[in-house]
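> Would you mind keeping the following structure in view while I ask a few things?
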Amino acid sequence: MKRISLTQYLVEQQREHGRIPAQLRLLIEVVARACKRIAIAVNKGALGDVLGSAHSENVQGEIQKKLDVISNEVLIEANEWGGHLAAMASEEMDSIHVVPNRYPQGEYLLLFDPLDGSSNIDVNVSIGTIFSVLRKISHTPGVSEDDFLQPGKQQAAAGYCVYGPQTTLVLTLGNGVALFTLDRETGSWLLTQTDVQVPQDTKEFAINMSNMRHWDSPVRQYIDECLAGRDGPRGKDFNMRWVASMVADVHRILTRGGVFLYPWDQREPDKPGKLRLMYEANPMAFIVEQAGGAATNGRERILDIVPSKLHERVSVLLGSRNEVERVTAYHAAAAAEAGATEGRA
Ligand code: AHG
Ligand code: MN
Ligand code: MN
């Protein structure tokens with residue numbers, strides 16, 4: 001069977017649906033090429049001196065791994081000269097990276113988590129790269145952090161790459177989700193699935209159970225009911241998976257359904273969550289919604305959140321629509337109850 005390449009897919013999307021301006025097409029191709037380079041570095045492992053710590057700290061206060069730093073550099077270097085970008089922002093950089101003056105400035109903004117699942121690098125478990133694309137809306141010269149502070153529903157594209165048993169690229173341009181697999185012999189990304197759909201129902205959840213004692217009551221109620229299985233209120237047994245690489249957990253959900261939760265918890269009550277809105281939650285929410293699933297922070301749709309800062313964090317519940325709606329409803333009920341109690345006091 002003849003499979004089409006990412007390039008052909010993008011050209012056909014542009015020709016048939018007129019949905020991809022030339023700059024966006026170039027951007028996707030360049031990011032896919034950068035992911036290929038990261039995949040090569042990941043595969044080399046100990047032979048490439050890419051394992052272990054970089055002995056530096058990022059803006060989130062996390063110790064960077066060598067591959068966090070390498071992947072960030074690969075993405076920046078690949079993207080700064082093509083004329084398709086105005087600026088980039090990354091989980092691994094304190095502030096935005098504006099395209100240097102020596103290159104033409106494009107109309108897009110690229111945001112990325114260069115290496116997702118850092119704790120899995122050295123143990124040879126699936127990791128990935130997540131990216132999000134926004135348009136620079138203001139026509140004023142120059143770029144500032146404010147240009148990035150757009151709600152996720154304004155993303156022009158989003159995707160992620162999984163460096164696992166297979167190297168796969170998942171992409172949305174806002175008209176469904178397509179999946180590409182890297183053919184290592186030819187070096188091409190080949191289209192292996194279109195119109196990816198997340199099943200509406202599931203019997204599988206993904207959450208880091210070690211944080212259970214810190215959860216809020218709606219999350220606790222939801223998981224308790226899942227754990228009660230066939231004899232509980234859900235009337236069915238649930239299975240649990242937690243890879244600790246969001247890309248791998250989301251990819252499983254896209255493939256066979258499931259619900260992913262990284263909720264706010266009491267460990268750091270002042271932070272809305274652990275995951276980053278702009279580099280992780282928004283692109284994944286866009287992809288999951290485009291595949292028929294749902295994504296909320298427990299109170300509102302993730303894609304509606306207007307960010308107030310670049311490195312904003314957020315609570316994340318995403319995946320099979322009926323489960324996300326259920327756990328979101330538990331949050332609404334708890335908020336209404338708290339409101340009523342306050343009113344009575
Ligand atoms: P990153 O490696 O980019 O910092 O992201 C790790 C994230 C996410 O991929 C995963 O779902 C979560 O952190 C795992 O967190 P725990 O180790 O707390 O389970
Ligand atoms: Mn991450
Ligand atoms: Mn990361």
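> Out of the DSSP beta bridges found with both residues in the chain, what percent are antiparallel (nearest 5)?
Percent antiparallel among DSSP bridges in the chain is about 85.
> Next up: How large is the dipole of the chain about the Cα centre if only Lys and Arg carry +1 and Asp and Glu carry -1, each at its Cβ, rounded to the nearest 20 debye?
It comes to approximately 760 debye.
> Just flag the trypsin sites (Lys or Arg not before Pro) in the stretch 92-142 sitting in loop per DSSP whose Cβ has no more than 14 other Cβ atoms within 10 Å.
Of the trypsin sites (Lys or Arg not before Pro), the ones in loops of the stretch 92-142 whose Cβ has at most 14 other Cβ atoms within 10 Å are R102.
> Also, quick follow-up: Search the structure for amide H atoms under 5 Å from the amide H of V316, placed 1.01 Å from N in the peptide plane, and list their residues when 5 or more places away or on another chain.
Hits under the 5 Å cutoff: Y262, W264.
> Further question: For the chain, what's the relative contact order in percent, using C-alpha pairs closer than 8 Å and at least 6 residues apart?
15 percent
> Sticking with this structure for a sec: When you count, for each residue, the other Cβ atoms within 10 Å and take the mean per peptide, how do 121-132, 44-55 rank with the highest first?
Numbers: 121-132: 22.1, 44-55: 13.1.
Descending mean neighbour count gives 121-132, 44-55.
> Oh, and also: Give me the count of lysine pairs in the stretch 6-193 whose alpha carbons sit under 17 angstrom apart, restricted to pairs 8 or more positions apart or on different chains. Let's see the in-between values first.
On the way: K36/K44; K44/K65; K44/K66; K136/K153.
Lysine pair count for the stretch 6-193: 4.
> Net charge within 15 Å of P233 by Cβ-Cβ distance, Lys/Arg positive one each and Asp/Glu negative one each, not counting P233 itself? The partial results should precede the final answer.
Values: positive: K203, R220, R230, R234, K236, R326; negative: D224, E225, D231, D237, E323.
Spelling it out: positives minus negatives among the neighbours equals +1.
> What distance in nm separates the two pseudo spin-label positions at R299 and L227, each 7 Å out from Cα along the beta-carbon direction?
2.7 nm
> Give me the mean projected area, in nm² to one decimal, of the convex hull enclosing the Cα positions of the chain. Intermediate results must be reported in sequence, preceding the final value.
Values: hull surface 79.2 nm².
Directional mean of the projected Cα hull area for the chain stands at 19.8 nm².
> With +1 on each Lys and Arg Cβ and -1 on each Asp and Glu Cβ, and nothing else charged, work out how big the dipole of the stretch 6-193 is about its Cα centre, in Debye to the nearest 20.
620 debye
> Determine the percent antiparallel among the DSSP beta bridges restricted to the stretch 166-302, to the nearest 5.
Rounded to the nearest five, the antiparallel share is 75 percent.
> Tell me which residues come under 5 Å, amide H to amide H, from D116 once H is placed; ignore anything under 5 positions away on its chain.
HN-HN under 5 Å from D116: G128, T129, I130.
> Where does helix 66-79 land angle-wise versus the long Cα axis of the chain, in degrees 0 to 90, nearest 10?
Long axis of 66-79 versus the principal axis of the chain: about 50 degrees.
> Continuing with the same structure: Going by alpha carbons, how many degrees (0 to 90, nearest 10) lie between the helix axis of 321-344 and the longest principal axis of the chain?
Approximately 50 degrees, to the nearest ten.
> Take every Cα pair under 8 Å in the stretch 6-193 that's 6+ residues apart, average their separations, divide by the length, and report that relative contact order as a whole percent.
Working: 328 pairs, mean separation 28.2, N = 188.
Result for the stretch 6-193 is 15 percent.
> List K203, K36 from most exposed to least, where exposure is judged by having the fewest other Cβ atoms within 10 Å.
Values: K203 15, K36 19.
Neighbour counts put them in this order, fewest first: K203, K36.
> Please order H214, H17, H251 by the number of other Cβ within 10 Å, starting at the fewest. Before the final figure, lay out the partial values.
Details: H214 15, H17 10, H251 22.
Final ranking by Cβ density, sparse to dense: H17, H214, H251.
> Can you list the cysteines of the chain that have no other Cys Cβ under 4.7 Å away?
So far as the 4.7 Å Cβ criterion goes, C226 stand without a partner in the chain.
> To the nearest Å, what is the center-to-center distance of the stretch 225-255 and the stretch 191-220, using C-alpha atoms only?
6 Å
> Would you mind ranking L277, L190 by Cβ crowding within 10 Å, fewest neighbours first?
On the way: L277 27, L190 18.
By the 10 Å Cβ count, ascending: L190, L277.
> If each residue of separation counts as 0.36 nm, what is the full-extension length gain between R33 and D146 once their alpha-carbon separation is subtracted?
Difference between extended and current length: 37.8 nm.
> Just want the answer: with Cβ charges of +1 for Lys and Arg and -1 for Asp and Glu, which residue in W264, P283, G298 is farthest toward the dipole's positive end in the stretch 221-306?
The listed residue farthest towards the positive side: P283.
Any read-out appearing in this document is the output of simple, stated calculations on the displayed coordinates, not a laboratory observation. Every value quoted in this text rests on a predicted model; they were computed, and no experiment measured them. Note that we place each Cβ from the backbone using ideal geometry, even for glycine, and neighbour counts take in every protein chain shown.
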